[in-house]
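Here is the structure we will look at, set down as structure tokens.
The values are calculated or read from the model by the stated rules, or taken from the named source; none is laboratory data. What you see is a predicted model; the values in this text were computed from it and never measured. Cβ: placed from backbone, ideal geometry, glycine included. Neighbour counts: every protein chain shown. Heavy atoms of the whole protein, side chains included, go into the accessibility calculation; ligands, DNA and RNA do not. Shrake-Rupley method; radii C 1.70, N 1.55, O 1.52, S 1.80 Å.
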Amino acid sequence: MRQQRIISLFRSSREMHAVRAAGFTLIELMVVIVILGILAGLVVPRITEKPEEARRVKAKLQIQEISSALKEFKIDNGFYPSTEQGLQALVEKPAVGQTPRNYPTNGYMDKIPKDPWRNEYVYICPGEHGDFDIISYGADGEEGGQGNNADVNSWEIE
């Protein structure tokens, strides 16, 4: 019996040593946490800038799509929709102002998209910078602004 007890103590001692060796020390955990903190400090700022940049690119692409539909409208009808008729004239035949002669049954667009910040695009015709101006007021939804709040304008798109 005594031999079995010594053997069981030896086994439990060996098992405890194996358990200790398999775990991490506090210092090792601290080193890992510091490394993860440094990586997060480098990566997070880059990731947070990307969504806003993507919204601005999307706004430019939508403005180009709307501009193409407006140009097609003019080719078919000889004029651009007025500011009063708005961009909705690309979806359904306008009932006010000058009536288009060659309006397609399905319109020029299925719907007018909202800008990436969920605001309506501003349409002005005749425009101050060309035949028409299309504007997204950016993240704040107000004219002007800088950074994320800067406007996206049709005349500034290359």
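Summary of computed values
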quantity: Residue match in the range 117-128 (condition: without any contact (Cβ under 8 Å) to a residue 60 or more places away in the chain and over 20 Å from Ser154 (Cβ atoms)); calculated: no
quantity: Residues (closer than 14 Å to Arg55 by Cβ, in contact with a helix residue (DSSP H, G or I) (Cβ under 6 Å, 6 or more places away or on another chain) and open to solvent by 50 Å² or more (accessible area, probe 1.4 Å)) located in the range 111-158; calculated: Asp140, Asn148
quantity: Selection count where residues are of a type in the set (Lys, Arg) and more than 29 Å from the chain's Cα centre (by Cα), scope the range 59-118; calculated: 3
